[in-house]
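Chemist: So that we are looking at the same thing, I have put the structure below in structure tokens.
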Amino acid sequence: MNRDLSPTQRRLVIELALTGATDAELAARLGMGYSTVKLHLASARRRLGVRTRSELIVWAWRNELVRVGTRTDIAPNVGTGGIAASPTVSWSVSA
């Protein structure tokens, strides 16, 4: 099992963990097609060895892709995997 997510998969998992959005909502928010979102999330689940969206969200929190913090300077930044979030939630992007 490959635990490395592509930048797109990482972005989707972060957004999913932060918002709990449906595939359709993720597609609209991130400017992707619905089928593309489904494909990337299915691939991410396979790579991480999880079966459900809930397990994917838990994996993201446990592996600190997202974490509770005190950052207030959060802004969207696709190049580094950043997603707009509330001021008390932050994320990390590991190589």
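The values are calculated or read from the model by the stated rules, or taken from the named source; none is laboratory data. All of these numbers come straight from a predicted model, not from anything done at the bench. Because the Cβ atoms are built from the backbone with ideal geometry, glycine has one as well, and the counts that use them run over all protein chains shown.
Chemist: All but one of (1) surrounded by 11 or more Cβ atoms within 10 Å (Cβ to Cβ); (2) at pLDDT below 90; (3) closer than 22 Å to R3 by Cα hold for V89; state the number of the condition that does not hold.
Modeler: Unmet condition: (3).
Chemist: Quick check on A60: is it at pLDDT 90 or above, surrounded by 14 or more Cβ atoms within 10 Å (Cβ to Cβ) and aliphatic (A, V, I, L, M)? I'd like the intermediate steps shown before the answer.
Modeler: Values: at pLDDT 90 or above: no; surrounded by 14 or more Cβ atoms within 10 Å (Cβ to Cβ): yes; aliphatic (A, V, I, L, M): yes.
Considered against the rule, which asks whether it is at pLDDT 90 or above, surrounded by 14 or more Cβ atoms within 10 Å (Cβ to Cβ) and aliphatic (A, V, I, L, M), A60 comes out as no.
Chemist: If a residue has to be over 8 Å from the mean Cα position of the chain (by Cα) and in a helix (DSSP H, G or I) to count, how many in the range 1-16 make the cut? Spell out the reasoning first.
Modeler: First, pick out the residues of the range 1-16 that are over 8 Å from the mean Cα position of the chain (by Cα): 1-8.
Still in the running and in a helix (DSSP H, G or I): 7-8.
Looking only at that region, the number is 2.
Chemist: Counting only residues that are modelled with pLDDT under 90 and part of a helix (DSSP H, G or I), which one in the range 17-29 is farthest from the chain's Cα centre (by Cα)?
Modeler: Let us first name the residues in the range 17-29 that are modelled with pLDDT under 90, namely 17-20.
Still in the list and also part of a helix (DSSP H, G or I): 17-19.
Details: A17: 6, L18: 8, T19: 9 Å.
Ranking the candidates gives T19 first.
Chemist: Mind checking which residues of the range 32-46 are surrounded by fewer than 18 Cβ atoms within 10 Å (Cβ to Cβ), of a type outside the set (D, E, K, R) and under 21 Å from V58 (Cβ atoms)?
Modeler: A42, S43
Chemist: I want to confirm something. Restricting to the range 1-31 and keeping residues that are aliphatic (A, V, I, L, M) and in contact (Cβ under 8 Å) with a residue 40 or more places away in the chain, which single residue is surrounded by the most Cβ atoms within 10 Å (Cβ to Cβ)? Can you show your working first?
Modeler: Initial filter on the range 1-31 (aliphatic (A, V, I, L, M)): 1, 5, 12-14, 16-18, 21, 24, 26-28, 30.
If we keep only those that are in contact (Cβ under 8 Å) with a residue 40 or more places away in the chain as well, we get 1, 5, 13-14, 16-18.
Working: M1: 7, L5: 23, V13: 26, I14: 22, L16: 23, A17: 23, L18: 19.
The selected residue is V13.
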